[in-house]
Structure formats: structure tokens, C-alpha cells
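A.B. asks: Handing you this structure, nothing more for now.
Please treat every number below as a calculation from the coordinates, not as lab data. Being a predicted model, the structure only gives us computed values, none of them experimental. Neighbour counts are summed over all protein chains in view; Cβ atoms, including those assigned to glycine, are modelled from backbone coordinates with ideal geometry.
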Ligand code: MG
């Protein structure tokens, strides 16, 4: 199983990162050891002083595919979850400055939190109109809707599957809206997807 993540897929987030709005998507991978699918508490890692949340819609691939045409991409997924792409922003900043990969700043244990998957039928909404939000200690810090993605889910699947076979169980973190920010020990993060509680996580 692989965890694919998209870099800067919402223009306001590109703005807050002082980065250009991309013309082509960029992806990175998290290892399967990064996954926290039961929303166990995240212990603040000792290698960072700037742990940040990025709330994202996560799409789960449920069919094997390669070189998938965009118009057929919707056949390759049926369920979504809310996830947090945790980032050691200080390590990422250093890696960016040195032109080095983001692997450890984005791929550490517990950096891929996901809530339970729900089908689009259950949500009653199309993939390109999913509202989601994240609150920190009861205050909303991030809000988004998948309609505002620069690269839509079907486009992402078409593009990445030119290079990598997608397998059942693979997950795609589809990018974060604006409002990323630091977390601290004692914080409680709560997410919603289409108005439903979708994720709760404590930082310890
Ligand atoms: Mg992200």
C-alpha cells in the first residue's frame, strides 16, 4: 500500500506558503508506517519544534489501474476519509532550502492520520463538492471544499497512474486548503467531512 500526497492543490494555501500556483501537480509519498488509521494520540516528536496540521480529503483506490484516462478515473475509487498530513515544518523548510527530499519531514510515524472511510453514496455528494474543516481546541482553523482544488481528483489519478500503478488500498491525500498551522501538546484536533464528525486526534 502506498500513500500518495499532492503538493499545493489549493491556491490560497500556495499563497500562504509563498509559493507559485502550480501548473502541474507534484506528488510525494509517505511510507505505510506513517499511517495512523485509528486516530491514536500523536506524541509530539522530539525532532521538530514546528509540527503543523494540514487537513485533507483522502481518496482510497479500490481497483488496480495504470494509465487511467481521466474520464474513467471515477471507477477507481468509491470512498473518502478526512486525513491530516502532519508536517515537521522546520525540517521541511531546511530540506526545501537545500533542494532535498521531504521524506522525513512528511513521512515520520503517525504523520498520516485518517478517519474512517465513507462512501460517496453515504455522503450523498459528488467528489468535487465535499466540504471539510478542521478545528483546534474548538476553534475552526481550516475550511475547504474539494471544488476549489487546482487539480481535481480524476485528474490526479490520471496523472499519477501514468507513472505508478495504483493498487487497491492505495490512498491519495489530495492537498490542504489555507490555514495550516502549528499544534502543541495538549491540543485536540477535530475534523468534519460534509458536516459530519470525521476525525478526532489528541496531541500528547
Ligand atoms: Mg499536505
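A.B. asks: Projected area of the range 90-204, taken from the Cα convex hull and averaged over every viewing direction, in nm²? Don't skip to the answer; put the middle values down first.
C.D. replies: Details: hull surface 34.7 nm².
Dividing the Cα hull surface by four gives the mean projection, 8.7 nm².
A.B. asks: Taking Cα centroids, how far is the range 34-82 from the range 109-181 in Å?
C.D. replies: Their Cα centres are 7 Å away from one another.
A.B. asks: Ok, one more. Comparing 135, 33, 105, which has the greatest mean-square fluctuation in the GNM of the chain with Cα pairs linked when under 10 Å apart?
C.D. replies: Comparing 135, 33, 105 in the GNM, the peak value goes to 33.
A.B. asks: Can you tell me the length gained on complete extension of the stretch residue 155 to residue 17, counting 0.36 nm per residue apart and subtracting the Cα distance?
C.D. replies: On the way: separation 138, 0.36 × 138 = 49.68 nm, distance 2.32 nm.
Value of the extension gain: 47.4 nm.
A.B. asks: In addition: Hey, what number do you get for the chain at 222 nm if only DSSP H runs of n ≥ 4 count, each worth -39500 (n - 2.57), divided across all residues, to the nearest 500?
C.D. replies: Working: 5 runs with 33 residues, N = 204.
Using -39500 (n - 2.57) per qualifying helix, the result is -4000 deg cm²/dmol.
A.B. asks: Subtract the Cα-Cα distance of residue 93 and residue 165 from 0.36 nm times their separation in residues, and report this length gain in nm to one decimal. Walk me through the intermediate numbers first.
C.D. replies: Numbers: separation 72, 0.36 × 72 = 25.92 nm, distance 3.03 nm.
Gain on extension, residue 93 to residue 165, equals 22.9 nm.
A.B. asks: For residue 43 paired with residue 188, estimate the spin-label separation in nm (one decimal), with each label point 7 Å from Cα along the Cα-to-Cβ line.
C.D. replies: 2.2 nm
A.B. asks: Classify the range 8-108 as rounded, prolate or oblate, taking a ≥ b ≥ c as the square roots of the eigenvalues of its Cα gyration tensor: rounded when a/c is under 1.5, otherwise prolate if a/b is larger than b/c and oblate if not. Intermediate values should be presented prior to the final figure.
C.D. replies: Details: a/c = 2.01, a/b = 1.34, b/c = 1.50.
Oblate, because a/c is 1.5 or more while a/b does not exceed b/c.
A.B. asks: Here is a further query. For a quick size check, give me the Cα extents of the chain along its three principal axes, largest first, whole Å.
C.D. replies: Reported extents, whole Å, longest axis first: 43, 39, 30.
A.B. asks: Work out the FRET efficiency for residue 140 and residue 103 from their Cβ-Cβ distance, taking R0 = 25 Å, and round it to the nearest 0.05. Don't skip to the end; give the middle numbers.
C.D. replies: Details: r = 31 Å, r/R0 = 1.24.
Computed FRET efficiency for residue 140 and residue 103: 0.20.
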